[in-house]
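The values are calculated or read from the model by the stated rules, or taken from the named source; none is laboratory data. Just so it is clear, the model here is predicted, and its values are computed rather than measured. FYI the Cβ positions are ideal-geometry reconstructions off the backbone, even for glycines, and counts take in every protein chain you see. These area figures cover heavy atoms from the full protein model, side chains too; ligands, DNA and RNA do not enter into them. Shrake-Rupley method; radii C 1.70, N 1.55, O 1.52, S 1.80 Å.
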Amino acid sequence: MTATIVFLHGLASNGSRWWDFAARTRLKGWRILRPNLRGASGSTDRRAVGMREWSDDLAALLDAEGASRAVIAGHCLGANIALNFAARYPQRAEALVLIEPMPPRALTGRLGFLRHFRFIPILLSWLVRGLNAIGIYRRRIELMDLEAWDKAVRAGTADLAKYASPFSDLHFTPLAGYLRALAAVGDPLPDVSRIACPVLVLVSKNTSMTDLARARSELAPLPAADFVQLDAEHWIPTEQPEAMCRAIEEWLVRKGLGKAP
């Protein structure tokens, strides 16, 4: 059976987040899936979103691909989704790669409010969905091409901060889905002590979105986790693509999940 790895993007993002890994990786014989999650940026998908919906959609994707199990990798919100998937479908998660996971109790800065007030974006999302139901919604959502964004950031012609701007995000994402996905960043994590598969955790040394010590403490109960710190602010796939790619490849080989490049 073909080895499968699925990459899950984060908040206000889409499958183009993983263009660099797909181009750079030396993994041989792997099927690399980069789905646009329900409510992804650049789409007009206005269905309900949440951990249950994303997890069920991922299971359906694996069914469609004929994959009984897969390595599930995710960045930011995508990392939290990966944890939820492993908790809901433990028999289907061969391993997890968590890239800058966002444990709610570790959130800081502007995201810190989600620890106590995530009900606010949830209520607002219900209001917007009600307006959508009676035909009030944007008819056009701008496409998001993260390959072009990443190249511009690396060339110095774009600011990395644009990735964290809600005003920029909302050009590309339906409002109701964005609000509910924002609230999902603050969803309580599942009981990680029950996730038995191997886990690689990649964290940013210079992040201002989580407290690193608290994040590590929240994930410490994972029975089989390896932690690696990279010199980045949060957007590891953009800031440290080579280091991220090699860390994932080498870890998969060490765990006996892949062949040495």
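Residue-by-condition table, conditions (1) among the aliphatic types (A, V, I, L, M); (2) part of a helix (DSSP H, G or I); (3) under 20 Å from the mean Cα position of the chain (by Cα):
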{"position": "ARG129", "(1), (2), (3)": "no, yes, no"}
{"position": "TRP149", "(1), (2), (3)": "no, yes, yes"}
{"position": "ALA158", "(1), (2), (3)": "yes, no, no"}
{"position": "SER168", "(1), (2), (3)": "no, yes, yes"}
{"position": "PHE172", "(1), (2), (3)": "no, no, yes"}
{"position": "ALA176", "(1), (2), (3)": "yes, yes, yes"}
{"position": "ALA181", "(1), (2), (3)": "yes, yes, yes"}
So MET144, is it outside any helix (DSSP H, G or I), modelled with pLDDT of 95 or more and closer than 25 Å to MET244 by Cα: no
Out of GLY256, GLY186, sole residue that is over 19 Å from GLY78 (Cβ atoms) and either over 19 Å from the mean Cα position of the chain (by Cα) or in contact (Cβ under 8 Å) with a residue 40 or more places away in the chain (or both): GLY256
Flagged in segment 200-222 as in contact with a helix residue (DSSP H, G or I) (Cβ under 7 Å, 6 or more places away or on another chain) and surrounded by fewer than 18 Cβ atoms within 10 Å (Cβ to Cβ), in numbering order, are SER208, ARG214, PRO221
Given the conditions (1) touching a residue at least 60 places away in the same chain (Cβ under 8 Å); (2) surrounded by 14 or more Cβ atoms within 10 Å (Cβ to Cβ); (3) in a loop (DSSP other than H, G, I, E, B), report the number of the one that CYS245 does not fulfil. (3)
Kindly indicate whether any position in segment 104-117 is closer than 20 Å to CYS245 by Cα and in a strand (DSSP E or B). no
Considering only residues of segment 167-186 that are in contact with a helix residue (DSSP H, G or I) (Cβ under 8 Å, 6 or more places away or on another chain) and open to solvent by 30 Å² or more (accessible area, probe 1.4 Å), which is modelled with the highest pLDDT? ARG180
Some residue of segment 47-64 being touching a strand residue (DSSP E or B) at 6+ places or on another chain (Cβ under 8 Å), closer than 21 Å to SER204 by Cβ and either among the hydrophobic types (A, V, I, L, M, F, W, C) or open to solvent by 30 Å² or more (accessible area, probe 1.4 Å) (or both): no
Sole residue being in contact with a Pro (Cβ under 9 Å, 6 or more places away or on another chain), open to solvent by 10 Å² or more (accessible area, probe 1.4 Å), modelled with pLDDT under 95 and small (Gly, Ala, Ser), chosen from GLY109, GLY29, GLY39: GLY39
